[in-house]
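The values are calculated or read from the model by the stated rules, or taken from the named source; none is laboratory data. This structure is a prediction, so every number in the text was calculated from the model and none was measured. In this analysis, Cβ positions are derived from the backbone assuming ideal geometry, glycine residues included, and neighbour counts consider all displayed protein chains. These area figures cover heavy atoms from the full protein model, side chains too; ligands, DNA and RNA do not enter into them. Shrake-Rupley method; radii C 1.70, N 1.55, O 1.52, S 1.80 Å.
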Amino acid sequence: MLTVAYASLFYMATAVLVGGLAFRIWGYATTPAPLKIPTTPAPKTRGGVVLRLGREVVLFESLFKANKWIWLFGWLFHAALVVVLLRHLRYFTLPVWWWVGLIQPFGVYAGLAMVAGLVGLWARRALVSRIRYISAPSDHLMLALLVGIAVSGLMMKYVTHTDVVAVKSFVLGLLYFNWQPIPADPVLLVHLALVAALMIVFPFSKLLHAPGVFFSPTRNQIDNPRERRHLANWARELEASRS
Ligand code: HEM
């Protein structure tokens, strides 16, 4: 019964996440950018734009220039999240890739770093009055979900161990449509329910900044308005229909 409930929940959550993200990304990709608005100083070549976006994604460059505290906690959380997610690949692959085995010990520290980053970001929303004023319930919800996932994950590591071999066979069973029983361990069930909730809200939430950064005209445009005339597709079509 529990297995059927969680298996159905994860198939549904995956469909919402994949379908929702595809729909959002389609929307971003087909929205015209009528103006040339790269934030200057901006790269003058396509290669330069790739580098600029790369620095933005890996180092959070513009956030670093804007606010050192948010950068510190934000970067810490995201970098730790990447390591934690890569560590989780061991539940999805058989045999486990060698480099996933290699990062296992770091994954646990990354879990702690993730919580530290989230607590810092949350403290800012609670303690800085002007940030508290502009914080919406969804800002708190996302932080609560992520803290809940990380804390329940760490609890399985440090407090009440779960049967990770059984967890793996449940996950592989989902992937290969050969369902295996889920361990009825409350902390694991909370961890997984929160993960499913995160997957479901993702396409409707501020977490869309992850794919969205690639579509930001202020970051992805080349600074070449004098060399090439910038024309959005709809404007090109309008000009063509008039001539
Ligand atoms: C279906 C997906 C997931 C499964 C099956 C899963 C399962 C688990 C298990 C069994 C543990 C305990 C590890 C141990 O005892 O060594 C754990 C830990 C943890 N999980 Fe997850 N988890 C999933 C998704 C996520 C996601 C999406 C996040 C982050 C947003 C996350 C964050 C963590 C953290 C921070 C820990 C503690 C540190 C660590 O052991 O790596 N998990 N997870």
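Summary of values
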| read-out | value |
| --- | --- |
| Computed P(r) (all Cα pairs; the stretch 187-243; 5 Å bins; percent) | 4, 13, 12, 13, 12, 11, 9, 8, 7, 5, 4, 2, 1, 0 |
| Sparsely packed chymotrypsin sites (Phe, Trp or Tyr not before Pro) within the stretch 1-109, loop by DSSP, other Cβ within 10 Å at most 15 | 92, 97 |
| Residue-wise HN-Hα coupling along the stretch 123-139, computed from phi with Karplus coefficients 6.51, -1.76, 1.60 (Hz; x: Gly, Pro) | 4, 4, 5, 8, 9, 8, 4, 6, 6, 4, 4, 8, 7, 8, x, 5, 4 |
| Taking the chain and dividing mean pair separation by its residue count, relative contact order in percent (alpha carbons under 8 Å, at least six apart) | 36 percent |
| R0 of 45 Å, Cβ-Cβ distance residue 55-residue 197: FRET efficiency to nearest 0.05 | 0.90 |
| Relative contact order, percent, the stretch 51-134 [alpha-carbon distance under 8 Å, six or more residues apart] | 31 percent |
| Distance between modelled label sites at residue 227 and residue 239, nm, 7 Å Cα→Cβ extension | 1.8 nm |
| Cα-Cα separations in the stretch 14-90 greater than 22 Å, expressed as whole percent | 51 percent |
| Portion, in percent, of the accessible area of the stretch 176-243 that falls on carbon or sulfur, probe 1.4 Å | 62 percent |
| Kirkwood hydrodynamic radius of the chain, from inverse mean 1/r over distinct Cα pairs, in Å | 20.9 Å |
| Surface per residue (accessible, 1.4 Å probe) for the stretch 128-204, Å² | 55 Å² |
| Diffusion constant of the stretch 122-162 at 4 °C, which comes from Stokes-Einstein with the Kirkwood Cα-pair radius and 1.567 mPa s, µm²/s | 112 µm²/s |
| Ratio of Rg to Rh over the stretch 125-230 (Cα coordinates, Kirkwood Rh, two decimals) | 1.18 |
